[in-house]
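Report on the following structure.
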Amino acid sequence: MAAAIEIDNLTKDYEVGFWRKRKVRALDGLSLAVEEGEIFGFLGANGAGKSTTMKLLMRLIFPTAGRARIKGRDIEDISMHASIGYLPEHPYFYDYLTARELLEYCAELFGYTRRDCRARAASMLATVRLEEKSWDKQLRKFSKGMLQRVGLAQALVNDPSIVFLDEPMSGLDPVGRREVRDLIASLRTSGTTVFFCSHILADIEVLCDRAAILQRGRLAHLGRLADLRQAAGDTRAMEIICAGANLASLQTEAEKLAGARLTPTPGGARLEVAGERDVDAALRAVRASGATLVSVQPVGNPLEELFTSDN
């Protein structure tokens, strides 16, 4: 499969200080490739170099060393921007425009006719589920979450083949996060390549085919999520949350499970078992105690170890 994005030894230094200037390396020899049609996660703590990479690819800043290609063309060839979409981490728009006016303006920049601009703007605002009553409201009156939806709409207005999203869930409530995740996932069916930058592991795990993890400006880990979990030693314990349990009965059942630990909670209990192999037996114990099952989930996340450990 052809690479949609190719990054080769990309490096960025910044000068800091006033009297005694010194160089700080924000990105250090990054090399990776993103395949056509995949949703690629770009992970790292704050300050790891994620946004710097995104800005280099968009030619908003310029590399100290290295090169990159998008759709086989060097990033210096800005004409290829016509076929990509970009949502920055902190989008800012002329805030006296309405959402509809902004989207029509962006569509016109990509060569749509005036009639098509109106149709495209309405389609994109509906796609990101911005309430129609807000379409003709000035952006200065929008919440952070509403602006994030508008930003996502402008990133998709030209029907791009590659989309760069820098922290697209920022400022969204839980419902909005789910809707945006569903929208990003739907791009896979149309063959759109998504380069998705985040520091939130849950978003990456739900959406991405592969991921890269940056640490202090360097590529620390790269691969499919299942392989990364295995490399980190995915031996997570599991926890079962239940309500209305007969604690004495549940304690008796839990003692039959090696390594199980029962913790009372307000109105219920939390039962932790050693691993997934013990979940069925734990569920039987919960049901035998007369409790109502609330949730079953892993304890911790092995990717956190890759995220925070030194390379």
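Could you look at region 44-151 and say what percent of its accessible area is carbon and sulfur, using a 1.4 Å probe and all protein chains? It is 50 percent, rounded to a whole number.
Within region 149-261, DSSP assigns beta bridges of which about 55% are antiparallel (rounded to the nearest 5). Taking the empirical scaling 2.2 N^0.38 Å for compact globular proteins as reference, region 128-193 has a Cα radius of gyration ratio of 1.12.
Among all stretches of the chain without exposed chymotrypsin sites (Phe, Trp or Tyr not before Pro) (DSSP loop, at most 13 other Cβ atoms within 10 Å), which one is longest?
After excluding every exposed loop site, the longest remaining stretch is 97-311.
Sorted largest first by accessible area at a 1.4 angstrom probe radius, with every protein chain in place, the residues His199, His81, His90 fall in the order His90, His199, His81.
Set against the labelled values [x] 6, 28, 37, 24, 6, 0; [y] 6, 22, 26, 21, 15, 9, 2, 0; [z] 5, 23, 29, 21, 13, 7, 2, 0, P(r) over Cα pairs in 10 Å bins from 0, in percent computed from this structure falls on [y].
The residues of region 84-227 have, on average, 47 Å² of accessible surface per residue, using a 1.4 Å probe with all protein chains present.
The values are calculated or read from the model by the stated rules, or taken from the named source; none is laboratory data. Predicted, not measured: the structure shown is a model, and the values here were computed from it. A quick note on method: Cβ atoms are made from the backbone with ideal geometry, for glycine too, and the neighbour counts reach across all protein chains shown. Only protein heavy atoms, including side chains, enter the accessible area calculation; ligands, DNA and RNA are left aside. Shrake-Rupley method; radii C 1.70, N 1.55, O 1.52, S 1.80 Å.
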